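Below is one structure; the comments refer to it alone.
Since every read-out is calculated from the coordinates, none of them should be taken as a lab result. For clarity, every value in this text was computed on a predicted model and none was experimentally measured. No Cβ is skipped: glycine too gets one built from the backbone with ideal geometry, and neighbour counts run over all protein chains shown.
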């Protein structure tokens, strides 16, 4: 998707297919220097529809969006140092945690999972955000 390129101060913005980004005025991810912040990723398919299935399937989609945003800005999941998972039902914690573990099990970033009352679309069960720091190799 769109990458605004390097702006003043080395800032690069990345946009995904989310219908909310242009309307609400935010980027999917922003890189400044060696840091990438990925906004909360909801289970949205490329066509704008909601990802079907349980919280685990929705979390997997959120994590795919995170991976794609990181890669668009020169990072990888291995660069992630912090994640936050927002779920609407505590019964979904294990499904979401296992999806998170499938991507980050060996990386083990600092992470928080919060139960919140609702997300923007009622069918969404999870939203995930990430922070990464790229280390020169």
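The table below gives the values:
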item: Test result for residue 72, under 24 Å from residue 30 (Cα atoms) and exposed (fewer than 12 other Cβ atoms within 10 Å of the Cβ); result: no
item: Tally, over the range 82-100, of residues that are surrounded by 14 or more Cβ atoms within 10 Å (Cβ to Cβ) and either within 15 Å of the chain's Cα centre (by Cα) or within 23 Å of residue 49 (Cβ to Cβ) (or both); result: 13
item: Any strands (runs of 3 or more DSSP E) falling wholly within the range 9-54 and containing at least 1 residues that are out of contact with any helix residue (DSSP H, G or I) (no Cβ under 7 Å at 6 or more places or on another chain) and under 29 Å from residue 89 (Cα atoms); result: 35-41
item: Residue in the range 68-90 that is touching a residue at least 12 places away in the same chain (Cβ under 8 Å), assigned to a loop (DSSP other than H, G, I, E, B) and farther than 22 Å from residue 35 by Cα present; result: yes
item: In the range 49-64, residue surrounded by the most Cβ atoms within 10 Å (Cβ to Cβ) [restricted to those that are closer than 14 Å to residue 86 by Cβ and under 10 Å from the mean Cα position of the chain (by Cα)]; result: 62
